[in-house]
Amino acid sequence: MLITALGYLGVTSPRSEDWRRFGGDFLGAMVAPDGPDGAVRLKFDDADWRLQIHPGEADKVEYYGWLVNHEEDLDTVVEKLAAVGVTASWGSAELAEARSVDRLVQFTDPWGNPHEVAWGQVTTSNSFRTGRGMQGFVTGQQGLGHVLLLLPDIEAGHEFFHGVLGFELSDKIIEPGRINARFYHVNARHHTLALGECPPGVAGFNHLMLQVRDINDMGWAYDRLEEFDVPETLSIGRHTNDQMVSFYCTTPSTFHIEYGYDGLEITPDWVPRVYTKTQIWGHQVHPETKNRPPGIMHEVPVA
Ligand SMILES: [Fe+2]
């Protein structure tokens with residue numbers, strides 16, 4: 001496997017300050033010392049941070065931070081991208097320090113999404129305490145969680161993320177007229193990347209999934225959506241494919257968090273399947289959800 005985890009994620013947001021309460025008190029991440037530009041940094045384990053919210057004028061994804069296990073794998077990433085006409089540039093030492101990694105490369109995918117591939121995430125042993133009394137997150141070698149990107153052409157998305165970058169298909173969910181989605185693994189987590197088809201001309205970031213270790217920590221948050229002024233997106237439910245029990249809420253920065261428990265892990269004899277529904281039960285769409293954007297969206301650059 002070339003890419004082995006989602007290591008970190010960065011967005012810019014006018015409401016970055018709201019993440020101290022949302023990320024720390026509600027989600028239960030640890031608020032780490034701010035980044036050099038005043039960014040709110042959230043820790044989910046002993047990695048120095050995994051989610052960074054930079055202050056800025058508009059909601060924007062700045063980087064999806066993928067990890068490789070071996071430093072030389074970065075060269076392979078650059079070569080594979082070059083073979084399909086995507087130029088990756090090496091990040092400076094200053095940028096590596098700002099991302100708390102040893103080395104990294106940056107590139108933009110054909111739909112205008114900004115990616116970084118890094119090696120050597122900085123980790124401080126025994127440094128993690130949850131933001132509220134809870135059991136913590138399923139992270140470590142499974143990375144931060146999973147992200148769902150919206151793309152207008154899912155076949156081309158498959159060619160790029162599977163064919164070029166080596167993400168392995170876990171399964172598909174195809175609900176004609178409603179959902180066309182693919183799910184990819186790079187470690188034991190059922191999926192680290194999901195692609196969902198959206199209308200032509202736009203692309204974007206729908207949600208980040210965070211997996212908690214104890215179902216009661218998910219229930220605690222679900223009970224407190226109103227208290228923390230967090231808009232519900234989907235009610236508690238269980239997914240068909242990864243069997244995650246989760247709810248979805250909207251963050252202060254337009255995109256959504258899936259807050260889940262008990263996701264399935266990939267086995268060596270894994271066989272991809274096709275499902276026709278996303279949920280076994282629950283996951284009712286909140287009436288207000290249709291009035292909110294599907295995530296942080298942007299126009300696809302014209303080739
Ligand atoms: Fe998800």
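Here are a few things to note about the model shown:
- Remark: pairs (first residue in the range 49-77, assigned by TED's automatic domain parsing to the domain that holds Ser89 and under 28 Å from Asp34 (Cβ atoms); second residue exposed (fewer than 14 other Cβ atoms within 10 Å of the Cβ) and basic (Lys, Arg); Cβ separation under 8 Å; 6+ apart in sequence or on different chains) are absent.
- Tabulated pairs, the range 140-151, first outside the structural domain of Tyr8 (by TED's automatic domain parsing) and in contact (Cβ under 8 Å) with a residue 24 or more places away in the chain, second within 8 Å of the ligand (Cβ to nearest atom) and not hydroxyl-bearing (Ser, Thr, Tyr), C-beta under 6 angstrom, 6+ apart or interchain: Gly145/Met209; His146/His191; His146/Met209; Leu148/Ala194; Leu148/His207
- Answer from Gly166, Gly204, Gly145, Gly157 - the residue that is modelled with pLDDT of 95 or more, in contact with a Leu (Cβ under 6 Å, 6 or more places away or on another chain) and within 18 Å of Asn241 (Cα to Cα): Gly145
- As for the range 237-249, it holds at least one residue that is touching a Pro at 6+ places or on another chain (Cβ under 9 Å), assigned to a strand (DSSP E or B) and closer than 19 Å to Trp19 by Cα.
- Per this entry, Thr254 is not counted among residues that are farther than 23 Å from Thr139 by Cβ, within 14 Å of the ligand (Cβ to nearest atom) and in contact with a Phe, Trp or Tyr (Cβ under 9 Å, 6 or more places away or on another chain).
- Within the range 247-303, tally of residues that are over 14 Å from Thr233 (Cβ atoms) and among the hydroxyl-bearing types (Ser, Thr, Tyr): 4
For (1) buried (at least 23 other Cβ atoms within 10 Å of the Cβ); (2) more than 16 Å from the ligand (Cβ to nearest atom); (3) among the basic types (Lys, Arg), each residue gets a yes or a no:
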site	(1), (2), (3)
Met134	no, yes, no
Gly140	no, yes, no
Asp171	no, no, no
Glu175	no, no, no
His191	yes, no, no
Arg213	no, yes, yes
Asn216	no, yes, no
Asp229	no, yes, no
Leu234	no, no, no
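- Scanning the range 20-39 for residues that are touching a residue at least 60 places away in the same chain (Cβ under 8 Å) and within 17 Å of Glu227 (Cβ to Cβ) yields a count of 8.
- Restricting attention to the range 142-169 and to residues that are within 26 Å of Asp262 (Cα to Cα) and among the aliphatic types (A, V, I, L, M), the residue that is nearest to the ligand (Cβ to nearest atom) turns out to be Leu148.
The values are calculated or read from the model by the stated rules, or taken from the named source; none is laboratory data. Keep in mind that what you see is a predicted model, and the values were worked out from it rather than measured. Glycine gets a Cβ as well: all are built from the backbone with ideal geometry, and neighbour counts include every protein chain shown.
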